[in-house]
Amino acid sequence: MAATSRKTGTIEYYHPEKGRALNTFNRILAVSLEIIEHEGVEALNTNRIAADSGINISTLYHYFPNKDSILHALYTRWFDKVSAIADKRLGMHRKPNSLKASYKSYVLDLLNIDGVSPQAAVELERAIKTRKNLLPLDNKIVEQSITACAEDILAQHPDVDPSRLPVPSAFMLVSIWGAISIAADMDASEHDSIAEHCAEMIMALVRHSKR
């Protein structure tokens, strides 16, 4: 059966492409994410994951050699979804008066990613930042995100000095992460107001970058 071995630094795991093996792989990740969302990363261990997935521990180790490899797979899968939303929302040619509404919609999409709640996203981010072997992945994602935000501002406002964009873009990323963190502690009914506030912050950053 065709499969790929995903490797980043010291992280390596078996990622099947189809069939029963892929179903098992996805079930392991789904069970792991559910544990993380409801009980936190500390509750995650390979024996618990295997039991809740209905497989034996040797089968789990066939796919993932350790807990960190599962966290890596979950984090990259989540970020792939974040990237897809960014590709859809950012860098589009929009009229100035529609920019805020577009960013609000963008933040709402981030707060409602299928299969990854804000609570789970916050737990994953915390887990990545506290593991040295996973930090290169996190640093790469942050750098890519800042670049994407800077390019988006430049696309909307070509008169902006590109050399001034990294700082407001970094704050933009922080404001988006802030929205996710706030949403993790609030009911889904509050997501709209959270996204509205975040969009206002983002627009202030865009205006700042034009000065």
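Summary table below
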{"item": "Residue within segment 76-99 that is more than 18 Å from residue 201 (Cα to Cα), of a type in the set (S, T, N, Q), at pLDDT 70 or above and open to solvent by 50 Å² or more (accessible area, probe 1.4 Å) present", "result": "no"}
{"item": "Pick from segment 36-54, criterion open to solvent by 40 Å² or more (accessible area, probe 1.4 Å) and in a helix (DSSP H, G or I), ranking: nearest to residue 181 (Cα to Cα)", "result": "37"}
{"item": "Candidate set: segment 7-35, residues that are in a strand (DSSP E or B) and of a type in the set (Val, Ile, Thr); chosen: the one modelled with the lowest pLDDT", "result": "8"}
{"item": "Enumeration of residues in segment 55-70 that are surrounded by 17 or more Cβ atoms within 10 Å (Cβ to Cβ) and in contact with a Phe, Trp or Tyr (Cβ under 8 Å, 6 or more places away or on another chain)", "result": "63, 64, 69, 70"}
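The values are calculated or read from the model by the stated rules, or taken from the named source; none is laboratory data. In this text, all values refer to a predicted model and were calculated from it rather than measured experimentally. Note: ideal-geometry Cβ built from the backbone for every residue, glycine included; neighbour counts use all protein chains shown. These area figures cover heavy atoms from the full protein model, side chains too; ligands, DNA and RNA do not enter into them. Shrake-Rupley method; radii C 1.70, N 1.55, O 1.52, S 1.80 Å.
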